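*Asks:* Can you keep this structure in mind? I'll have questions shortly.
The values are calculated or read from the model by the stated rules, or taken from the named source; none is laboratory data. Owing to the predicted nature of the structure, the values given are computational and were not obtained by experimental measurement. Please note: Cβ atoms are built from the backbone with ideal geometry, for glycine as well, and neighbour counts cover all protein chains shown. Remember, those area values only see protein heavy atoms, side chains included, never the ligands or the DNA or RNA. Shrake-Rupley method; radii C 1.70, N 1.55, O 1.52, S 1.80 Å.
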Amino acid sequence: MIVALHGAGMRAGYFHGQADPATSLLSLAASRGYAALALDRPGYGVSASAAPDGLGLDEQASRVRRALAGYRALHPAGAGFFIVGHSLGGKLALSVAAGWTAGALLGVDVSGISDRWAVDPALRGDVNDRRTRPLHWGPLDLYPPGTFLHAMPLAAPVPPREAAEIPDWPDRYPEVARQVRVPVRFTFAEHERWWRCDPQTVAAMTARLAAPLVRTERLAGAGHNISLGYAARDYHLGVLAFADECLALSSSGTG
């Protein structure tokens, strides 16, 4: 089962883009035989009323682990879960993996983060804020017509507790990385502007992981919101190929 976690200020619909059917991770995964589930993270969607201030990263990770355990107790999940995370959802995906103890986690696929900011994180605003749009999106011609209109209902306020922790990721990442013991893939968009993704930064970041397998990819023609652009299908095909690889490793007992 593919489990997808969205970034800050977005919602689960990020993984089912409406501007072009080819951008949907959920549809593509289903067409390839995977079950796929995109979650509104704690503090978003229905849970926003119960947690209006949101939750910190550790609390979110604990909630997601419990939710997936509860799901698996009631529904078939095949060989296990494969978690996909974008931006802050990528931080959460790694944090979920770091505390995972129940088996059935095949791997993690992350886009939209490294462990070193390229700009001041205080600049972060709404994904539709014109002042920060170049950081969130990169060149606008990377996206199908109608993307920004369809993105408006996906946008949501970043809960205060979540927002307060955003700058802290470079300090938190080393401890998280030491506890991640499943395969991990990072994808860096050509026009990523929030995070440093030069070869030296990427090499140092991946070296901190305890993962048995680490892959890194660079995707041409993509901006930070990688799953909503023209390059989304290529990225999502890569996600599923890595999921297949992780499944094979798990089946062979080497994962």
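*Asks:* With of a type outside the set (D, E, K, R) and surrounded by fewer than 19 Cβ atoms within 10 Å (Cβ to Cβ) as the only criterion, which of A73, A93 stands out?
*Replies:* Sole residue among the options that is of a type outside the set (D, E, K, R) and surrounded by fewer than 19 Cβ atoms within 10 Å (Cβ to Cβ): A73.
*Asks:* Do any residues in the stretch 214-225 that are within 11 Å of P139 (Cβ to Cβ) and open to solvent by less than 50 Å² (accessible area, probe 1.4 Å) have Cβ atoms under 6 Å from those of residues that are in a strand (DSSP E or B) and among the charged types (D, E, K, R), where the two are at least six apart or on different chains, and which pairs are they?
*Replies:* Taking only residues 6 or more apart or on different chains, the pairs are A222/E190.
*Asks:* Could you list all residues from the stretch 16-39 that are in a helix (DSSP H, G or I), of a type in the set (S, T, Y) and crowded, with 19+ Cβ neighbours inside 10 Å?
*Replies:* T23
Residue by residue, here is whether (1) of a type in the set (A, V, I, L, M, F, W, C); (2) surrounded by 15 or more Cβ atoms within 10 Å (Cβ to Cβ); (3) within 17 Å of the chain's Cα centre (by Cα) holds:
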{"site": "A122", "(1), (2), (3)": "yes, no, no"}
{"site": "P134", "(1), (2), (3)": "no, no, no"}
{"site": "T147", "(1), (2), (3)": "no, yes, no"}
{"site": "P153", "(1), (2), (3)": "no, no, no"}
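*Asks:* Now, a different point. Taking the condition of being of a type in the set (F, W, Y) and not in a helix (DSSP H, G or I), how many residues in the stretch 205-236 meet it?
*Replies:* Summing the residues that are of a type in the set (F, W, Y) and not in a helix (DSSP H, G or I) in the stretch 205-236 gives 1.
*Asks:* Only one residue in V202, V239 is part of a helix (DSSP H, G or I), closer than 13 Å to G112 by Cα, modelled with pLDDT of 95 or more and open to solvent by less than 20 Å² (accessible area, probe 1.4 Å). Which one?
*Replies:* From the options V202, V239, the qualifying one is V202.
*Asks:* Given the conditions (1) outside any loop (DSSP other than H, G, I, E, B); (2) modelled with pLDDT under 95, report the number of the one that A77 does not fulfil.
*Replies:* (1)
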